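Worksheet for the structure shown next.
The values are calculated or read from the model by the stated rules, or taken from the named source; none is laboratory data. From a predicted model like this one, the values you see are computed outputs, not experimental measurements. Methodologically, a virtual Cβ is constructed for each residue, glycine included, from the backbone with ideal geometry; neighbour enumeration extends over all protein chains shown.
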Amino acid sequence: MAGHSKWAQIKRKKEKQDAKRGRIFTRLAREITVAARQGGGDPEANPRLRSAIASAKAANMPMENIERAIKRGTGELPGVQIEEVTYEGYGPGGVAIIVEAMTDNRNRTTSELRHIFSKHNGNLGTAGCVAWQFETRGMILVSKEGDVDEDELMEVVIDAGAIDLKPAEDGFEVISEPQDLETLRTAIEEAGFKVERAEITKLPKDTLTITDVKKAHQILKLLEAIEEHQDVQNVYTNFDIPDELMAELGEAKG
């Protein structure tokens, strides 16, 4: 899972920058709207919506924005019809990439993402071409605030059904089966730990280590370009870049 951790670190640093520009609110609002449209506007009966609202609150999204997004999803407020689309492709060096998007114009989004892949020495593939290289998992980031006792946290999450717990740069990552995410989040919070984020993610079964400086730079530029696209919600990949190479590239500074 090293590739997931490295990319996750880069994404989290970027999200802090996005939050300053308000960009992160757009993505969160879309997730809330789609979740409400698919499962109803009651978060107690809609786990996806409950998770989306929790993520929005963690990002300090105003409550009126959250309520407005829910109402757009339930049809109480007008709004464009947004559909979820998943793209798969390859980056430089054969790196596998999955892109989750939400769009009101599938043809436009597909064309623009194909251009981004091509421009940055990658290629957009067909459905299923890289999905087999990933597993869908729940991931909870627990804050290190308050001098967290890792052994105590380990006991709590294992008892609640976690698959794995490992230190991360900005906390502890708890990995679970997707259906156990909400149960695990509740157990962690009730034990007094602070949950920074909880999400369904895709983790690579194996990672591809990149040691060539040029390829590493190309991969990061491609992923940055994909992330900047207005319709993109999530990007998953299977690369790993050694820390010393990351430092050389300047990305480790965020």
Members of the stretch 145-175 that are under 12 Å from VAL195 (Cα atoms), of a type in the set (D, E, K, R) and out of contact with any Lys or Arg (no Cβ under 6 Å at 6 or more places or on another chain): ASP170
Residues that are in contact with a strand residue (DSSP E or B) (Cβ under 7 Å, 6 or more places away or on another chain), assigned to a strand (DSSP E or B) and of a type in the set (Gly, Ala, Ser): does the stretch 152-163 have at least one? no
Suppose we keep only residues that are surrounded by 14 or more Cβ atoms within 10 Å (Cβ to Cβ) and of a type in the set (D, E, K, R) within the stretch 110-150. Which one would you say is farthest from LEU223 (Cα to Cα)? LYS144
Complete set of residues in the stretch 173-224 that are under 30 Å from ASP159 (Cβ atoms) and among the β-branched types (Val, Ile, Thr): VAL174, ILE175, THR183, THR186, ILE188, VAL195, ILE200, THR201, THR207
Residues in the stretch 42-68 that are out of contact with any Asp or Glu (no Cβ under 8 Å at 6 or more places or on another chain), crowded, with 19+ Cβ neighbours inside 10 Å and of a type outside the set (A, V, I, L, M, F, W, C): how many? 2
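Got at least one residue in the stretch 98-109 being within 20 Å of the chain's Cα centre (by Cα), in a helix (DSSP H, G or I), modelled with pLDDT of 90 or more and buried (at least 16 other Cβ atoms within 10 Å of the Cβ)? Write out each step before concluding.
Of the stretch 98-109, the ones within 20 Å of the chain's Cα centre (by Cα) are 98-103, 109.
The next check asks that each one be in a helix (DSSP H, G or I); those that pass are 109.
Checking the rest, the ones that are also modelled with pLDDT of 90 or more come to 109.
Right, trim to buried (at least 16 other Cβ atoms within 10 Å of the Cβ) and you get 109.
The answer is yes; a qualifying residue exists.
Of the residues GLU150, GLU173, GLU227, only one is outside the structural domain of ALA96 (by TED's automatic domain parsing) and in contact (Cβ under 8 Å) with a residue 24 or more places away in the chain; which?
Numbers: GLU150 fails: in contact (Cβ under 8 Å) with a residue 24 or more places away in the chain; GLU227 fails: outside the structural domain of ALA96 (by TED's automatic domain parsing).
Selected residue: GLU173, the only one of GLU150, GLU173, GLU227 that is outside the structural domain of ALA96 (by TED's automatic domain parsing) and in contact (Cβ under 8 Å) with a residue 24 or more places away in the chain.
Go through the stretch 71-97 and give me each residue that's farther than 26 Å from LYS214 by Cα, among the aliphatic types (A, V, I, L, M) and either buried (at least 21 other Cβ atoms within 10 Å of the Cβ) or under 18 Å from the mean Cα position of the chain (by Cα) (or both).
VAL85
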Somewhere in the stretch 130-144, is a residue touching a Lys or Arg at 6+ places or on another chain (Cβ under 7 Å) and in a helix (DSSP H, G or I)? yes
